[in-house]
Structures are given as structure tokens and as C-alpha cells.
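Only one structure is covered here, and it is reproduced in the block below.
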Amino acid sequence: MAILVTGGAGFIGSHVCEALLARGEAVVCLDNFDEFYDPAVKRRNLAGVLGHSGFTLAEGDLRDAGVLEALFRRNQVSTVIHLAARAGVRPSIRQPALYADVNVTGTTRLLEAARQAGTPKFLFGSSSSVYGVRTGLPFKETDEVDAPASPYAATKRAGELLCRVSHALSGMAITCLRFFTVYGPRQRPEMAIHKFTRLIEGGELIPLYGDGSTARDYTYIDDIVAGVLGALDACSGFTIYNLGNAEPIRLRDLVGLIEVALGKTARIEPRPPEPGDVPFTCADVSAAKAAFGYEPRVKIAEGLQRFVAWYRARGGTSA
């Protein structure tokens, strides 16, 4: 029996693959190594698992039904952990059709391939972006999520709905995990913490959108991985859980903590707010705690220190 991890060469996916292998699972990683960012970075993400006897790398596109059919035929898949997606709020506004194709069509085909193969469990990597612009804090899984603020958010909500329908029609146990702004080693290079670290370290201007008062619930990768494994073990019926840190921090304060971690001062370039950005996110994680003991442990200051240490250990490069 094997666990199929889609997007397994990415930031979250590569960490999940490592954690699954560490606890004795066989892992099949499906990734198409697209050029959203340098494919060499994703290949380096897998450097620690490529030689593992329990690891299989399958290169292919999620939208290719033939690739999926062959993958399930060759492997006895006990669970799918679906993390592959076209990511990012801002680029989704420029390329909405591409995001719909990858995230909605790809998820539809994967769910159908899993159903046809009789796979009993399916985890879907969703996003806090489904909550859109809201006034009530914290965000709860029972909140209405019918007003996404970007095409990316809309595709993630669509994925959740497809999962709900698939469960209702097939009985497959499906859990949707709403990730809240994940950071840590291997974070994608265009994401705020990685980008700010790189620019401050190099003495370059950092673009600061808005007045710095927007706040995000930044969640360290180790806490996310623990949540994914907990949800995997608890997966039954159809469920949705938030995985966050439950301690939002304002953008201006985040920059200050990165300055402390680097021992350098940021040069700020003020910019107007961007379309699609939401003013704040904050996770209520009580449901995940009750279901499988989820408890975020890494505070933002410690997490940033760890990230900077990882970044510098690579000679100040993103790869």
C-alpha cells in the first residue's frame, strides 16, 4: 500500500513526503515540475528522499487522465494527499483560466481516478483564502465561504465542493485542510517571508503593499505537517479543518521580526494595496485540536530564526 502525494516536490509536499517516509509509509510523489518557479528548486526539495527505498517519483500532469489511470494501476494507493495546485492570489488574477484548469479540472480528474481505483481516503490541500474578506475573527470552518476575493480562492473553494460531491457519491472518506500562510525552509521564493528575507539580506528595497496594518496567520511548516499527518490518521466521512497558528501578525511587525532575525534593517518601498489581498486571516483551530490533537507549537519569531538559518545555510539563495 502507498500514499500518493500530488505536488510532492513542492514546499509543503516535500516536507509531507519526508514525514510519511520517516514513519514507515511507502510514498508515490506526482509532480509536473512546472515553471511557476525554477523546477531545479523543486528537484532540490526531493534530494533527501530520492534514494529512499519507499519513495517513488512519478513525473506527470495532474490534468492528464492517462497519467492518473496508469499511476493508480501501477500502485496500490491507500490514500491520496492532494497538494498540487497553481498557487498564488496575485498571479491568479492575471491568469484565471489557467488556475481554473489546473486547480479545478485537475482536482476533478484526480478525484475520479481515486474513485475508480477504490482508494478509501483522500486529503485535499485547501487554503485560508476561501474565507475572503471578513470582519469576524477567528475564521471558523462553519463560516460562510461564498465570497472569495480572487480566482485562486475560488478554485480552492471549488475543490472543496468537488470533494464534498465525490464523498456523497462514492463514500470515499475526504478531508479538506485549509492552510493558513505556511512558511519555513523551502518556502516558495515569491512568498512574502522568503522574498523579504532575500531582499533585506541583499540590501534591496522591499515592496510593502498598503500601510502595513494587514495581518496574516503565518504557520510554520512543521506544524502544518503535523496537522496533515493527524488528519490522515483521523480521516473519515467528509470533514474540513483549519490548520493555522492562531496568532496573526501585522505586516509591519513581520518585517521587524525578519530584520531582527537577519540583524539588518529593511529598506521599504511603499505601494498601494493589491487587488485580491485580504486585510487579515486568523484560524480557529479548535476543530482540528478536538479531532486529532492539532496544536501549533512554533511561534513566529522562532520560525523566522529557523528560516533565516536555512536561507543562509544555502548561501543566501532560493534554491
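Every read-out reported here was derived from the displayed coordinates using simple, explicitly stated rules and does not represent laboratory data. Values in this document were obtained by computation on a predicted structure and should not be read as measured data. Cβ atoms come from the backbone with ideal geometry, glycine included; neighbour counts cover every protein chain shown.
Size descriptors for the stretch 72-119, from the alpha-carbon set: Rg then Dmax equal 13.2, 39 Å. Taken along its three principal axes, the alpha carbon spread of the chain comes to 54, 44, 38 Å, from the longest extent down to the shortest.
Scanning the chain for GluC sites (Glu not before Pro) in DSSP loops with at most 10 neighbouring Cβ atoms within 10 Å leaves 145-319 as the longest stretch between them. With the convex hull constructed from alpha-carbon coordinates only, the stretch 212-266 shows a mean projected area of 4.8 nm² over all directions. A301 label point, 7 Å along Cα→Cβ, cut-off 17 Å on backbone N: hits in the stretch 235-264? Once the point is set 7 Å along Cα→Cβ of A301, 247-264 turn out to lie under 17 Å by backbone N, inside the stretch 235-264.
Sorting the Cα pairs of the stretch 158-201 by distance into bins of 5 Å, from 0 upward, gives 5, 19, 17, 11, 8, 11, 11, 9, 5, 2, 1 percent per bin.
Treat the stretch 127-166 as a sphere of radius equal to its Kirkwood radius over Cα pairs and apply Stokes-Einstein at 4 °C in a medium of 1.567 mPa s; give the translational diffusion coefficient in µm²/s, rounded to a whole number. Result for D is 124 µm²/s. Among the listed pairs K140/K289; K195/K299; K42/K195; K264/K299; K42/K264, which are separated by more than 23 Å between their Cα atoms? Pairs exceeding the cut-off: K42/K264. With 10 Å bins beginning at zero, the pair-distance distribution over Cα atoms of the stretch 172-256 amounts to 16, 39, 27, 13, 4, 0 %. Its residue count N fixes a reference of 2.2 N^0.38 Å for the stretch 263-319, and the Cα radius of gyration divided by that reference is 1.66.
With the cut-off at 24 Å, report for the stretch 101-226 the share of all Cα pairs above it, as a whole percent.
41 percent
Applying 1/(1 + (r/R0)^6) with R0 = 25 Å to the Cβ-Cβ distance of A65 and M1 gives a FRET efficiency near 0.60. At each listed q (0.21 Å⁻¹), what is the log10 of I(q)/I(0) that the Debye formula gives for the stretch 108-150 modelled as equal alpha-carbon point scatterers? Rounded to two decimals, the profile gives -0.75.
Between the stretch 241-270 and the stretch 2-49, what's the alpha-carbon centroid distance in Å? Cα centroid to Cα centroid, the span is 27 Å. Compute for the stretch 47-146: radius of gyration divided by Kirkwood radius, i.e. Rg/Rh, restricted to C-alpha atoms, rounded to two decimals. Ratio value, two decimals: 1.04. Backbone amide hydrogens, once placed in the peptide plane, bring T219 within less than 5 Å of V182, Y183, excluding anything fewer than 5 places away on its chain. In summary, the convex hull built on the alpha carbon positions of the stretch 194-319 has an orientation-averaged projected area of 8.9 nm².
Antiparallel beta bridges, as assigned by DSSP with both residues in the chain, represent about 5 percent of the total such bridges. Round to the nearest 0.05 the FRET efficiency obtained for A147 and W310 when R0 = 41 Å and r is the Cβ-Cβ distance. For R0 = 41 Å, the calculated efficiency reads 0.65.
With a simple spin-label model that places each label point 7 Å from the Cα along the Cα-to-Cβ direction, the separation between R73 and S236 comes to 3.5 nm.
Would you tally the net charge around E201, using a Cβ to Cβ cut-off of less than 13 Å, leaving E201 out, and scoring K and R as +1, D and E as -1?
Details: positive: K195, R198, K264, R267, R312, R314; negative: E204, E259.
With Lys, Arg at +1 and Asp, Glu at -1, the neighbours total +4.
Net charge dipole, the chain: roughly 320 debye, given to the nearest 20, about the Cα centre with Cβ charges of +1 for Lys and Arg and -1 for Asp and Glu.
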